[in-house]
Amino acid sequence: MHVVTDPPCDLCTALCCKYFALEIDKPTRPEEFDQIRWYLVHQDVVIWVQEGEWYLEVRNRCKHLLPDNRCGIYDTRPDVCRDYGDPEDGPCEFYADTLKFDLYFDSAEAFEPYMAKQLKKRKKRLAKRRAGRKKVKEQV
Ligand code: SF4
Ligand code: SF4
C-alpha cells in the first residue's frame, strides 16, 4: 500500500497560497446573519462550514508567491504555511474533489435562502419558549 506522507506540492499550482480562511462564530442572531451577508457582498469572499465549524475565506494570493508558484520567503514563511498539508490533518486543496463541506456560500444571494430559513426557525423557537414561560406564569 502506498502511504502518503507529504502533500504533492511539486505537482500543485500552490493552491493553498491563493487564499486564507479564518474561523468565525456560527451565526444565531439576525445581526450575525446580516454580518455574514455583509462579508458575502464583497468580491472573492466565501463562507463555508466543515464539521460544524464556520469559516470566512478570502481569495487573495499571497504577496510572496512567485510567478513559478514557489514561496519567495521560504526560510521565514509563517508556521501555518509550514504545517499546512500534513496528510494527518486531512486533504489539502490539491484533493479539492474529495473535500466535503456541510455548507458553502459564494454570494449573499446564495446565503439568503439559508438565512431566511434559519431565522424563521429561530422565530418559531422563541415564540414557543415565550408561550411556555407564559403558561408557567399563569400556573403560579
Ligand atoms: S494545496 Fe496542498 S499540494 Fe498544493 S501547495 Fe498547498 S499543501 Fe502543497
Ligand atoms: S508565505 Fe510562502 S508558503 Fe506561505 S502563503 Fe505565502 S507563498 Fe505560500
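Residues in segment 53-79 that are of a type in the set (D, E, K, R), assigned to a loop (DSSP other than H, G, I, E, B) and surrounded by 15 or more Cβ atoms within 10 Å (Cβ to Cβ): Arg77 alone. Within segment 42-52, the presence of at least one residue that is over 22 Å from Ile73 (Cα atoms), surrounded by 10 or more Cβ atoms within 10 Å (Cβ to Cβ), within 12 Å of the chain's Cα centre (by Cα) and not hydrophobic (A, V, I, L, M, F, W, C) is confirmed.
If the condition is being within 16 Å of Cys12 (Cα to Cα) and touching a residue at least 40 places away in the same chain (Cβ under 8 Å), then segment 38-69 contributes Arg61, Cys62, Leu65, Asn69. In segment 82-99, the count of residues that are in a helix (DSSP H, G or I), touching a residue at least 60 places away in the same chain (Cβ under 8 Å), within 16 Å of the chain's Cα centre (by Cα) and surrounded by 14 or more Cβ atoms within 10 Å (Cβ to Cβ) is one or more. Taking segment 1-46 as the range and being out of contact with any Leu (no Cβ under 6 Å at 6 or more places or on another chain), among the β-branched types (Val, Ile, Thr) and part of a strand (DSSP E or B) as the test, the residues that pass are Val45, Val46. Just so you know, in segment 3-28 the residues that are in contact (Cβ under 8 Å) with a residue 24 or more places away in the chain and of a type in the set (D, E, K, R) include one that is farthest from Arg122 (Cα to Cα), and it is Asp6. Can you find a residue that is closer than 30 Å to Met115 by Cα, among the acidic types (Asp, Glu) and away from ligand 2 (no atom under 13 Å from the Cβ) anywhere in segment 8-15? So far as segment 8-15 goes, no, none of its residues is closer than 30 Å to Met115 by Cα, among the acidic types (Asp, Glu) and away from ligand 2 (no atom under 13 Å from the Cβ).
Bear in mind these aren't lab numbers, they're just calculated from the coordinates by the rules spelled out. Quick caveat: nothing in here was measured; it's all calculated off a predicted structure. Glycine gets a Cβ as well: all are built from the backbone with ideal geometry, and neighbour counts include every protein chain shown.
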